[in-house]
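Working notes, beginning with the structure itself.
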Amino acid sequence: MTDAVLSPPPPKPSAFHELEVLWVHHWTDQLFSFRVARPDDFRFRSGEFVMIGLPGIDGAKPVLRAYSIASPCWDEQLEFLSIAVPDGPLTSRLVNIQAGDTVLMGKKPTGTLVLDALTGGDTLWLIGTGTGLAPWLSVARDPDTYSRFGRIIVCHTVRGVADLAYRDFFTSAIHDDPLIGDEARAQLTYYPTVTREAFGTPDGDRRGRITDRIKSGAIFADLGLPQGFSPDRDRVMLCGSMAMIKETAELLETFGMTEGSNAEPGDYVLERAFVG
């Protein structure tokens, strides 16, 4: 009788993709974007988020955080926008990545900042603060967005003018996009505001919090729109600081708008994974 040769058990599949960093761009000392190679089997809806991280140090567990995907669902690369938090377990290291490095990415994208969570409407408002712009970079480059809405308004509020990442993209480069360039030129409006310094535009000073400009009616006057939001006309997505999301959601409710979800589409949506 011979001894049986036992094969070792197959390795457990990893919960993460290990992806090569293809490109890094630093907008400021603390604000940066990076792209990674997209796995062939990775599918997502424009506006969703996924876990991004780096291997742990000295055998520690990987450090991961939720990041909105800043690429549309059809893109062959995946782009992310990040702020570096001093002493942050992940971002204090992530800010130093370079092309050729490896990052970890979860395999299951999810989220509510998707067109499926909204009912039909005429105008789509994409309101974000800081890195909350990231999902709008995805949604604003999705052809379905322009098929479903006649007008798309991207609102981006930051502290300083230097923090207006992708300003040139939304004012000009998106018009050359091979899929939605013509539609963006005709249907998309970019509305940036700055809170901590003067910010002059051809249309006047845009200093102030987006919620203050909504409450004062300035944003509607600036855009030549009827005052206030209408559940018959407007649909809204919110991403960014918890304070902005909470205040804006409360404002939307006063206009008679209801929050939507993947299970029950509504008039506005916010990403609860980043709130509270």
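Per-residue Karplus couplings for the stretch 240-253, computed as 6.51 cos²θ - 1.76 cosθ + 1.60 with θ equal to phi - 60°, are listed in order as x, 5, 4, 5, 5, 4, 4, 5, 5, 4, 5, 5, 4, 5 Hz, Gly and Pro entered as x.
Expressed as a whole percent, the accessible area of the stretch 193-242 that falls on carbon and sulfur atoms is 48 (1.4 Å probe). Loop-located trypsin sites (Lys or Arg not before Pro) in the stretch 190-241 (DSSP state not H, G, I, E or B) with no more than 16 neighbouring Cβ atoms inside 10 Å: Arg196, Arg233.
Using every pair of separate Cα atoms, the Kirkwood estimate puts the hydrodynamic radius of the stretch 111-205 at 13.9 angstrom.
Take every DSSP beta bridge whose two residues both sit in the chain; close to 50 percent of them are antiparallel. With contacts taken as Cα pairs under 8 Å and at least 6 residues apart, the chain reaches a relative contact order of 18 percent.
Looking at the stretch 107-247 alone, DSSP beta bridges between its own residues are antiparallel in about 10 percent of cases. Excluding ligands, DNA and RNA, the accessible surface per residue across the chain is 49 Å² with a 1.4 Å probe. Cross-link check: pairs Lys61/Lys107; Lys108/Lys246; Lys107/Lys246 evaluated at a Cα-Cα cut-off of 24 Å; pairs beyond the cut-off: Lys108/Lys246; Lys107/Lys246.
Under a plain spin-label model, where a point goes 7 Å from the Cα along Cα-to-Cβ, how far apart in nm are Ser14 and Asp116? In this crude label model, Ser14 to Asp116 measures out at 2.7 nm. Once you charge only the Cβ atoms, +1 for Lys and Arg and -1 for Asp and Glu, what is the size of the charge dipole of the chain about its Cα centre, to the nearest 20 debye? With Lys and Arg at +1 and Asp and Glu at -1, about 460 debye. Computed over the stretch 139-276, relative contact order equals 17 percent, with contacts defined as Cα pairs under 8 Å that lie 6+ residues apart.
Coupling constants for the stretch 39-44 follow from the phi torsions by the Karplus curve (6.51 cos²θ - 1.76 cosθ + 1.60, θ = phi - 60°), and in residue order they are x, 4, 9, 8, 10, 7 Hz; glycine and proline get x.
For Cys155, Cys73, the ranking by accessible surface with the largest value first comes to Cys73, Cys155, using a 1.4 Å probe. Comparing the stretch 122-276 with the 2.2 N^0.38 Å rule of thumb, its C-alpha radius of gyration ratio is 0.98 (two decimals). Take every Cα pair under 8 Å whose residues are at least 6 apart in sequence, average their separation, divide by the length of the stretch 78-189, and the relative contact order is 23 percent. Once each of the GluC sites (Glu not before Pro) sitting in a DSSP loop with at most 16 other beta-carbon atoms within 10 Å is removed, the chain keeps 77-196 as its longest stretch.
The values are calculated or read from the model by the stated rules, or taken from the named source; none is laboratory data. Since this is a predicted model, take the numbers as computed values, not measurements. Backbone-built Cβ (ideal geometry, glycine too); neighbour counts: all protein chains shown. Areas reflect the complete protein model, heavy atoms only, side chains present, ligands, DNA and RNA absent. Shrake-Rupley method; radii C 1.70, N 1.55, O 1.52, S 1.80 Å.
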